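A.B. asks: This structure is in structure tokens; I'll ask about it shortly.
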Amino acid sequence: MTTLLDFSLIDPKATDSKQSPISKYSRDISETLLDMGAAMNDAFLVADAIGINYDMALACINRITDLLSLIEEPCFTDDDLPILQEFLEPVVSSLDQGLDSKGYPHGSTGEQLARFPSFLCDPPGYLVLRRNKRRLITLHNDLKMLLEMITFAIEHNLWVKVTAR
């Protein structure tokens, strides 16, 4: 995915498209997350390193990116969201185990990530992506927010709209 993809919660049953889909819930959650396409790409790298199967999640992402050429704002629906949740849970958990609170490798999972060709430890010792030097702690935080959004969407029968920019 080279296009920036933003993810937003929507209510597929809403009659007023201007109303916030989360306004009726008293939960602190982001309604829109920016550049989640890159976060998902990076999540697949973590999955590779840890040995998490991502075939079904990748198929969901590919379906949406293919739809972007046909319709303006495709959505992850109630068919897709559990697949993405099932994929993201072990990825986020692996990053929980593999990083300390500052982003340094931690434990055997951290060592496994540090040895994987897609990652390296930068001079201060933070675990980063080799291709863009993005810190894995930043990715971890982004994926936790995305997992929270997806879980919220599932719990409240919402969809996640994908917007390219």
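None of the figures in this text is laboratory data; all of them are computed from the coordinates on show. Please read these numbers as outputs of a predicted model, since none were measured by experiment. When we count neighbours, we look across all protein chains shown, and the Cβ atoms used for this are built from the backbone with ideal geometry, even at glycine.
A.B. asks: What ranking of Lys13, Lys161 emerges when the number of other C-beta atoms within 10 Å of each C-beta is taken as an exposure proxy, fewest first?
C.D. replies: So the ranking, lowest neighbour count to highest, is Lys13, Lys161.
A.B. asks: Sticking with this structure for a sec: Among Leu34, Cys121, Asn62, whose Cα sits farthest toward the positive end of the charge dipole of region 5-164 (+1 at Cβ of Lys/Arg, -1 at Cβ of Asp/Glu, about the Cα centre)?
C.D. replies: Among Leu34, Cys121, Asn62, the one farthest towards the positive end of the dipole of region 5-164 is Cys121.
A.B. asks: A follow-up question, please. Working out 0.36 nm times the residue gap between Glu111 and Arg131, then minus their Cα-Cα distance, what length gain in nm do you get to one decimal?
C.D. replies: Full extension from Glu111 to Arg131 adds 5.3 nm.
A.B. asks: Could you derive backbone 3J(HN,Hα) for region 113-130 from the dihedral phi with the Karplus parameters 6.51, -1.76 and 1.60 (θ = phi - 60°), listing whole Hz in sequence and x where the residue is Gly or Pro?
C.D. replies: Per-residue couplings from phi come out as 5, 4, 7, 6, x, 7, 10, 7, 9, 6, x, x, x, 6, 7, 9, 6, 4 Hz.
A.B. asks: Provide the net charge surrounding Glu72, with neighbours chosen by a C-beta distance below 15 Å and charges set as Lys +1, Arg +1, Asp -1, Glu -1.
C.D. replies: -1
A.B. asks: Something else now. Quick one: compute a quarter of the convex hull surface over the Cα atoms of the chain and quote it in nm².
C.D. replies: Mean projected area for the chain: 9.9 nm², to one decimal.
A.B. asks: Which residue, Ile71, Ile52, Ile150, has the most motion in a Gaussian network model of the chain that connects Cα atoms within less than 10 Å?
C.D. replies: Ile71
A.B. asks: Using the Karplus equation 6.51 cos²θ - 1.76 cosθ + 1.60 (θ = phi - 60°), what ³J(HN,Hα) coupling, rounded to whole Hz, does each residue of region 149-165 give in order, writing x for Gly and Pro?
C.D. replies: 4, 5, 4, 4, 4, 5, 4, 10, 6, 9, 10, 10, 7, 10, 10, 8, 9
A.B. asks: Quick one: which residues, 5+ away or cross-chain, put their amide H under 5 Å from the amide H of Tyr54? H built at 1.01 Å from N.
C.D. replies: Under 5 Å from the amide H of Tyr54 lies no amide H from a residue far enough along the sequence or on another chain.
A.B. asks: Measuring from a point 7 Å past the Cα of Thr32 along Cα-to-C-beta, which residues in region 144-163 have an amide N at less than 14 Å?
C.D. replies: Residues passing the 14 Å test: 161-163.
A.B. asks: Please count, across the chain, the pairs of lysine residues with Cα atoms under 20 Å apart that sit 8 or more places apart or on different chains.
C.D. replies: Within the chain, the lysine pair count is 8.
A.B. asks: So how do Phe87, Phe152 line up by other beta-carbon neighbours within 10 Å, fewest first?
C.D. replies: Phe152, Phe87
A.B. asks: Sticking with this one: So what's the back-of-envelope 222 nm ellipticity for the chain, counting only DSSP H runs of four-plus at -39500 (n - 2.57) apiece and dividing by all residues, rounded to 500?
C.D. replies: -15000 deg cm²/dmol
A.B. asks: How large is the dipole of region 16-140 about the Cα centre if only Lys and Arg carry +1 and Asp and Glu carry -1, each at its Cβ, rounded to the nearest 20 debye?
C.D. replies: Charge dipole, region 16-140, about its Cα centre: 600 debye, nearest 20.
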